[in-house]
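The values are calculated or read from the model by the stated rules, or taken from the named source; none is laboratory data. What you see is a predicted model, and the numbers here were worked out from it, not measured in a lab. Ideal geometry is used to build each Cβ from the backbone, glycine not excepted, and the neighbour counts take in all protein chains shown. The accessibility values were calculated without ligands, DNA or RNA, using every heavy atom of the protein model including side chains. Shrake-Rupley method; radii C 1.70, N 1.55, O 1.52, S 1.80 Å.
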Amino acid sequence: ADYPPATTWVAELDAKPLGFLAARTIAPGEHELLYLATHPDWRRHGIAARLLRHALTALPGTWHLEVRESNTAARTLY
């Protein structure tokens with residue numbers, strides 16, 4: 001009950017999911033990126049970047065995320 005609810009967006013093509021982003025608001029104007037994933041067949045097509053741009057526009061403010069130092073693809077995107 002103490003865990004804030006997440007907002008989720010899904011990228012689809014012909015009603016098939018290509019990727020998704022889940023985020024939560026942790027305080028007014030402050031958000032946390034929880035998950036950002038793209039189907040392996042659709043990676044490197046800009047889907048994650050579009051989802052991220054949409055989330056940043058839909059939920060303006062300060063954003064937080066954690067990413068492993070070894071996750072080069074994620075670090076390049078962010």
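Considering only the other residues whose Cβ falls under 10 Å of the Cβ of Glu32, what net charge follows from Lys and Arg at +1 and Asp and Glu at -1? All intermediate terms of the calculation are to be shown ahead of the outcome.
Details: positive: Arg24; negative: Glu30, Glu66.
Here the charged neighbours net out to -1.
With each run of n ≥ 4 DSSP H residues scored as -39500 (n - 2.57), what mean residue ellipticity at 222 nm is computed for the chain after dividing by its residue count and rounding to the nearest 500 deg cm²/dmol?
-6500 deg cm²/dmol
What is the angle, in °, between the Cα long axis of helix 47-58 and the longest principal axis of the Cα atoms in the chain? Nearest 10 is fine, range 0 to 90.
Compared with the principal axis, the helix lies near 30 degrees.
What order, most packed first, do the peptides 66-75, 48-57, 34-43 have when packing is the mean number of other Cβ atoms within 10 Å of each residue?
Numbers: 66-75: 10.0, 48-57: 15.6, 34-43: 14.1.
So the order, starting with the most tightly packed, is 48-57, 34-43, 66-75.
Find the relative contact order for the chain and round it to a whole percent, using C-alpha pairs within less than 8 Å whose residues are 6+ positions apart.
For the chain, the relative contact order is 25 percent.
Non-local amide H neighbours of Gly19 (under 5 Å, H modeled in plane, Pro and chain starts lacking H): which ones?
Under 5 Å from the amide H of Gly19: Ala11, His39.
Please compute the per residue accessible area over the chain with all protein chains in place, 1.4 Å probe, rounded to a whole number of Å². Mind showing how you got there, number by number?
Numbers: 5800 Å² over 78 residues.
Dividing the accessible area of the chain by its residue count gives 74 Å².
Have a look at the stretch 5-78 and give its Rg and Dmax from the Cα atoms, expressed in angstrom.
When restricted to the Cα atoms of the stretch 5-78, Rg and Dmax are 12.4, 36 Å.
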